[in-house]
Amino acid sequence: MKALVIGATGATGKELVNLLLENNDYEAVSIFVRRPLEKSHPKLTEHVVDFSNVASFQNLIYGDVLFSCLGTTLKDAGSKEKQWKIDYDIPAEFAAVAKQNKVKSLVLVSSYGASAKSSVYYSMMKGKLEEYLQELHFSQYIIFRPGPLIRENTDRLGEKISVKVIKFLNSIGLFKNLKPIAPSFLAKKLVKAPKALPEGMTILELNSILKL
C-alpha cells in the first residue's frame, strides 16, 4: 500500500510516519508539509506544499490510504477562523481531492466528543469535519476519537494540567473514557486500522482504540 499523510509534523503524525516506514504493508509513504521534515528514507517522499491552494498539487495526491492527522489549538492558531482553516478546511479539501483521485481509505484523527451539534466549538468543528468526510463516500472511512494525548515535553500549560487531572480521576475510577494515551500508542493503532477493519465507516472511541 501507499500511504499519504497530512499532519506529519505533529506529535501523532511524526510517530505515524516512523511506523509506516517500518511497516512492510506500506511500500511507499508520501507526506505533505509546510516545512521540510528533514527526514530521509527510501520509502519516503516529502512534498513541501501550500495548503491554501490544494488544487496546485492535486496531481501528487495519489495512493491507497490517507491518514489525516492535521490539527492545532486555538492558542496556537490565534483565532477561531484560523483554527477552522487548519482543522477543517485543509483536511476537507485534501480529502476531497484524494477521493477524486481514487484513494480508497481515509483514516481520520478526530477527537473525543466530536459532534456537529456540540455547543463546544472544538467538538462542533471536529464533528462537522467527520460529517463532511462521510459524504465523500470513501470505500473505507475510519474515525479515531481519542481523549487527551500525553505529549512529552509539551509547552501547553492547559494540556499538562488537564492530563494530570484526568490521570488522577482515572486513578479513583472516574472518567475512564477520557484516559490519556501517548501519541506513539495512537500511531500504532492508526497504522493497523486499514488492514484490521472492514470497508465502510468505523468510529473508534477510546475503548475500541485500546482493543484494536
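The values are calculated or read from the model by the stated rules, or taken from the named source; none is laboratory data. Everything numeric in this text was worked out from a predicted model, so none of it was measured. Note that each Cβ is placed from the backbone with ideal geometry, even for glycine, and that neighbours are counted across all protein chains shown. For accessibility, only protein heavy atoms count, side chains too; no ligands or nucleic acids. Shrake-Rupley method; radii C 1.70, N 1.55, O 1.52, S 1.80 Å.
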Give me, ordered by chain and number, the residues 5 or more places off Phe67 or on other chains with an amide H under 5 Å from its own placed amide H. Leu4, Val5, Ile6, Val107
Unit charges on C-beta of K, R, D, E only; dipole of the range 66-150, Debye: 80
I'd like the orientation of helix 90-100 relative to the chain: the angle between its Cα long axis and the longest Cα principal axis, in ° from 0 to 90, rounded to 10. 40
Ranking Thr72, Pro148, Val17 by how far each Cα lies towards the positive end of the charge dipole of the chain (+1 on Lys and Arg Cβ, -1 on Asp and Glu Cβ), the top one is Pro148
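Tally up the carbon and sulfur contribution to the accessible surface of the chain as a whole percent, 1.4 Å probe, everything protein left in place.
Here it works out to 51 percent.
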Taking the range 1-96 as the region of interest, what is the percent of Cα-Cα pairs per 10 angstrom bin, listed from the shortest bin to the one with the maximum distance? 16, 50, 28, 6, 0
FRET E, pair His47, Asn207, Förster distance 35 Å, beta-carbon r, rounded to 0.05: 0.45
Filter the GluC sites (Glu not before Pro) in the range 64-148 to those in DSSP coil with at most 10 other Cβ atoms within 10 Å of their Cβ, and list the result. Glu135
Using Cα springs under 10 Å in a Gaussian network model of the chain, which residue among Asp50, Asp25, Asp76 shows the largest mean-square fluctuation? Asp76
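For the chain, calculate the relative contact order in percent as a whole number, restricting contacts to Cα pairs under 8 Å that are 6 or more residues apart.
Working: 364 pairs, mean separation 40.9, N = 212.
The normalised contact order for the chain reaches 19 percent.
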Mind checking the angle between helix 121-134 and the chain's longest principal axis? C-alpha axes, 0 to 90 degrees, to the nearest 10. 40
Along the charge dipole of the chain, pointing to its positive end and built from +1/-1 on Cβ of Lys, Arg, Asp and Glu, which listed residue (Ala95, Ala8, Asn207) has its Cα farthest out? Asn207
Taking only C-alpha pairs under 8 Å that are 6+ residues apart, what is the relative contact order of the range 97-143 in percent? 45
Add +1 for every Lys or Arg and -1 for every Asp or Glu among the other residues with Cβ under 15 Å from the Cβ of Met1, and state the total. +1
The chain accessible area per residue, 1.4 Å probe, protein heavy atoms, integer Å², reads 51
